[in-house]
Amino acid sequence: MTSRSRHVGEWIDRRAADVYDYVSDPAHIPQWASGLGRAVEEVDGEWFLDSDMGRIRVDFAERNDLGVLDHDVTLPTGQTFNNPMRVLVHGDGCEVVFTLRRLPGVSDEEFERDASAVAADLARLKRVLEAAG
């Protein structure tokens, strides 16, 4: 089994700046990435979500003009996973791209299931933002 990554993307018919603003606010995570967490809470400037894995912490990259939405997810065990994510400008719309990294010990089936879950989250993000636009 080799390490690999897969880029999962979704085109969204909204301005990239609008998409970036929405996604970069952790309070919105349950609305578009419910697999990551259902309830969100800010405590002393840190963001926590209740998830199937327990209470997790999410830390987004500093706000920037490049569309970088990289975020670290820290599990209750203390293990942290870095998740590269970008909003790419394309005309009047944009593409949101999440890089899914295959972790050691993850089977082909598990990796495919994770990729499908990411694709479903991005499709939900598209529905939420295009309906609001």
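Points to keep in mind about this one:
- If only residues of region 20-39 that are in contact with an Asp or Glu (Cβ under 8 Å, 6 or more places away or on another chain) and aliphatic (A, V, I, L, M) are counted, the one that is surrounded by the most Cβ atoms within 10 Å (Cβ to Cβ) is Leu36.
- Positions within region 73-123 being under 28 Å from Arg63 (Cβ atoms), touching a helix residue (DSSP H, G or I) at 6+ places or on another chain (Cβ under 8 Å) and of a type in the set (Val, Ile, Thr), in sequence order: Val87, Val89, Val96
Results for (1) over 12 Å from the mean Cα position of the chain (by Cα); (2) among the polar types (S, T, N, Q); (3) loosely packed, with under 15 Cβ neighbours inside 10 Å; (4) within 25 Å of Arg4 (Cα to Cα), shown as yes or no for each residue.
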| residue | (1), (2), (3), (4) |
| --- | --- |
| Asp50 | yes, no, yes, no |
| Gly67 | yes, no, no, yes |
| Gln79 | yes, yes, yes, yes |
| Val87 | no, no, no, yes |
| Ser116 | yes, yes, yes, yes |
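- Selection within region 72-113 - free of Cβ contacts under 8 Å to residues at least 24 places away in the same chain, closer than 29 Å to Arg15 by Cβ and out of contact with any Asp or Glu (no Cβ under 6 Å at 6 or more places or on another chain): Asn83, Arg86, Gly91
- Inside region 1-39, residues that are without any contact (Cβ under 8 Å) to a residue 40 or more places away in the chain, under 19 Å from Glu62 (Cα atoms) and either of a type in the set (A, V, I, L, M, F, W, C) or touching a helix residue (DSSP H, G or I) at 6+ places or on another chain (Cβ under 9 Å) (or both) make up a count of 4.
Results for (1) touching a Ser or Thr at 6+ places or on another chain (Cβ under 8 Å); (2) under 18 Å from Arg127 (Cβ atoms); (3) of a type in the set (Val, Ile, Thr); (4) in a strand (DSSP E or B), shown as yes or no for each residue.
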site: Glu10; (1), (2), (3), (4): no, yes, no, yes
site: Tyr20; (1), (2), (3), (4): no, yes, no, no
site: Glu41; (1), (2), (3), (4): no, no, no, yes
site: Gly78; (1), (2), (3), (4): no, no, no, no
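- Unmet requirement for Ala16, which otherwise passes all of (1) at pLDDT 95 or above; (2) touching a Leu at 6+ places or on another chain (Cβ under 9 Å); (3) aliphatic (A, V, I, L, M); (4) closer than 20 Å to Leu100 by Cα: (4)
- Candidates are the residues of region 80-91 that are at pLDDT 95 or above and either basic (Lys, Arg) or in a loop (DSSP other than H, G, I, E, B) (or both); the one that is nearest to Glu46 (Cα to Cα) is Pro84.
The values are calculated or read from the model by the stated rules, or taken from the named source; none is laboratory data. Since this is a predicted model, take the numbers as computed values, not measurements. Please note: Cβ atoms are built from the backbone with ideal geometry, for glycine as well, and neighbour counts cover all protein chains shown.
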